[in-house]
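S.K.: One structure follows; several queries about it will come next.
What follows draws every value from the coordinates through simple rules; no lab data is involved. All of these numbers come straight from a predicted model, not from anything done at the bench. When we count neighbours, we look across all protein chains shown, and the Cβ atoms used for this are built from the backbone with ideal geometry, even at glycine.
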Amino acid sequence: MHRKKDFKFVKIKVPNQNQNKEEVPMYSLNDIVLESNKYLKINFDGGDLSSDAGLLLFKEFLFKIGAVKLINRIFKTNDTAWFRIHKDDANLMQVIYQIISACFEDDCADELTNEPVMTAILDKAALASQPTLSRFFNRMDKDTLEQLNRIIRKLRKIVYSIKKPDFMLFDIDSTLLDTYGHQEGEGFNFHYQAHGYHPLLCYDGLTGDLLKAELRDGTMYCSKEADDFMRSLLDEFITDYPGMPLYLRGDSGFASPNLYEVLEAKDCKYAIRLKENAKLRELAENEDQALYRATRFNQVDYAVEFGEFLYQAGSWSHPRRVVFKNRKSLMVRWSICIRFIVTTMEMEPYQVIQFYCGRGRMENFIKESKSGFDFASVSSSSKLVNANRLLVHALAYNLFNWFKRMALPVSMRKQCIDTIRLKLLKIAARVVKCKLCLNGMPVPLLRNCYSIFNGTKYR
């Protein structure tokens, strides 16, 4: 093998079967020569290539709504160091971009150190490493938790200033975030039959926006602290959007008199499912008999009966309206009561049932949050750090949901993030950086033009 003086090319000579020497064309050091065909050249010297060029569109959206400036102004950890190369707001933005591009783990930062699009978006020579991000998360505390909630609230006001909803539909639920090892606050949840955290989540039932998220111990019941959780959220909406009608839906896990009283005091209409008991069956007995009489001579057809009554449980301060739905299924002689719902809504019973059934969309929101945005990324031993991590992922979820609703065509607004990643974000591109601009035009576009300053041609 012989090297030229410039070291850019190599000359390869391969002996043939007859021991005669055959000269092979010269290739650059970035080329790969296949043994099967030595005249076939594969070159990887394409410049700064990236597979996530679609993040530039997301970056532009964040700039338009002022998210970057807002985070830069509000977010700051209690850092004792007087100087850091990677500042708090830049670290937070890097984590958000990593979540959007499905690089959920902190270790991904080491692989993305010199990623062209990421560095261009963040305007940095290199990204923060995994140890830097880990130290960044470990500096988070109650102050940063409050800051993240303020950022989400202010960004929501910006989005709603563009298009304000006619009413707000709160869908409240809880879910399980798996934990491993000795983590503060983790516990065995009997409902899910697994160890983890049991956070409270509240979504907008119409748009899928995550309105509030709160990390709780794994052993806590669904409705535990739900009244305080909703009280602060309702106060926020009453203050920011006075006069907006408020509604709430919840399953039987949130059938709590404390929650009822908070909702009634804040003038929030609700429809919450009740667990069936003997007293409720007794009160619905007349409707059961009516359903049986209507179908006693027909043992095949399906039949449904709706009704309502006033009911006061022992822990309730006053009677409340309960609507119910009874059905007679195929080949079943007696009716089967499938749900009771306590409500302050003034609609007909079947309309209340129909309104409550729309709550099923929330299960898709939770699934999207956990699979597409990795809400279960609560790997720290500190519960407070994990609470901050959850809100960071919630912020990324909301930013992308707003981006989808306000910047993408109608045909893409209902698509999940995995689909949009494949169609829009995971796009290959070569990044070209311009060091100087003249009259608003980058130098590469002026290579065949003359400078207005000295009349010389740029080379």
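S.K.: If we sort 146-159, 403-416 on the protection proxy, mean other Cβ atoms within 10 Å, highest first, what's the order?
M.R.: 146-159, 403-416
S.K.: Just want the ordering: Phe365, Phe237, from fewest to most Cβ atoms lying within 10 Å of their own Cβ. Mind showing how you got there, number by number?
M.R.: On the way: Phe365 21, Phe237 18.
Sorted ascending by nearby Cβ count, the order is Phe237, Phe365.
S.K.: I need the Debye-formula profile for the stretch 81-188: one equal scatterer per C-alpha, no solvent, reported as log10 I(q)/I(0) at q = 0.17, 0.18, 0.19, 0.22 1/Å, two decimals.
M.R.: Results for the stretch 81-188 at q = 0.17, 0.18, 0.19, 0.22 Å⁻¹ read -1.06, -1.12, -1.16, -1.26.
S.K.: Moving on. With r as the distance between the Cβ atoms of Asp141 and Arg361 and R0 = 30 Å, compute the FRET efficiency 1/(1 + (r/R0)^6) and round to 0.05.
M.R.: 0.30
S.K.: Another question about this same structure. Using the Karplus curve 6.51 cos²θ - 1.76 cosθ + 1.60 with θ = phi - 60°, what ³J(HN,Hα) values do you get for each residue of the stretch 397-407, in whole Hz, with x for Gly and Pro?
M.R.: 4, 5, 4, 6, 5, 5, 4, 5, 6, 9, 10
S.K.: Full extension from Glu105 to Ile338: what is 0.36 nm times the residue separation minus their Cα-Cα distance, to one decimal in nm?
M.R.: 79.6 nm
S.K.: Also: Explain nothing, just the number: dipole magnitude of the stretch 111-180 about its Cα centre with +1 on each Lys and Arg Cβ and -1 on each Asp and Glu Cβ, in debye rounded to the nearest 20.
M.R.: About 480 debye.
S.K.: Can you work out ³J(HN,Hα) from phi for every residue in the stretch 267-277, in order, using Karplus 6.51 cos²θ - 1.76 cosθ + 1.60 and θ = phi - 60°, giving whole Hz and x for Gly and Pro?
M.R.: Those phi angles translate into 6, 10, 5, 9, 9, 10, 6, 10, 6, 5, 9 Hz.
S.K.: Quickly work out the Asp240-to-Phe190 label distance, labels modelled 7 Å from Cα along the C-beta direction, and quote it in nm with one decimal.
M.R.: Modelled inter-label distance: 3.7 nm.
S.K.: List every residue whose amide H lies under 5 Å from the amide H of Ala376, counting only residues 5 or more places away in sequence or on a different chain, with H placed 1.01 Å from N in the peptide plane.
M.R.: Under 5 Å from the amide H of Ala376 lies no amide H from a residue far enough along the sequence or on another chain.
S.K.: Per 0.36 nm of contour for each residue apart, how much would the distance between Asp228 and Asp79 grow if the chain were fully extended, relative to their Cα-Cα spacing?
M.R.: Here the segment from Asp228 to Asp79 would lengthen by 50.6 nm.
S.K.: Now for a separate question. If each residue's Cβ is checked for other Cβ atoms within 10 Å, how do Trp82, Trp316, Trp402 rank with the fewest at the top?
M.R.: Trp82, Trp316, Trp402
S.K.: Another question, then. Can you give the translational diffusion coefficient of the stretch 340-440 in µm²/s, computed by Stokes-Einstein from the Kirkwood radius over Cα pairs at 4 °C and 1.567 mPa s?
M.R.: Working: Rh = 17.7 Å.
Result for D is 73 µm²/s.
S.K.: Report the semi-axes of the equivalent ellipsoid for the stretch 332-399 in whole Å, largest first, where each axis is √(5λ) for an eigenvalue λ of the Cα gyration tensor.
M.R.: With the √(5λ) rule applied to the stretch 332-399, the semi-axes are 38, 15, 12 Å.
S.K.: For Met347 paired with Arg153, estimate the spin-label separation in nm (one decimal), with each label point 7 Å from Cα along the Cα-to-Cβ line.
M.R.: 3.0
S.K.: I would also like to ask the following. Once the Cβ-Cβ distance between Gln312 and Phe167 is put in as r, and R0 is 30 Å, what FRET efficiency do you end up with, to the nearest 0.05?
M.R.: Once rounded, the FRET efficiency stands at 0.55.
S.K.: Using the basic label-point model (7 angstrom from Cα toward the beta carbon), what is the Ala125 to Ser252 distance in nanometres?
M.R.: The answer from the label model is 6.3 nm.
S.K.: Here's another thing I want to ask about it. So how much slack lies between Leu408 and His182, counting 0.36 nm per residue of separation and subtracting their Cα-Cα distance, in nm?
M.R.: Using 0.36 nm per residue and subtracting the Cα-Cα distance, I get 77.1 nm.
S.K.: Using amide H atoms built in the peptide plane, which far-off residues or other-chain residues are under 5 Å from Leu274 H to H?
M.R.: Phe340, Ile341, Val342
S.K.: Ranked highest first by average number of other Cβ atoms within 10 Å, how do 375-386, 168-179, 419-430 line up?
M.R.: Working: 375-386: 19.4, 168-179: 21.2, 419-430: 15.1.
So the order, starting with the most tightly packed, is 168-179, 375-386, 419-430.
S.K.: Of the listed peptides 209-215, 161-167, 196-202, what is their order by residue-averaged count of other C-beta atoms within 10 Å, with the highest listed first?
M.R.: On the way: 209-215: 21.7, 161-167: 9.7, 196-202: 23.3.
Descending packing order for the listed peptides: 196-202, 209-215, 161-167.
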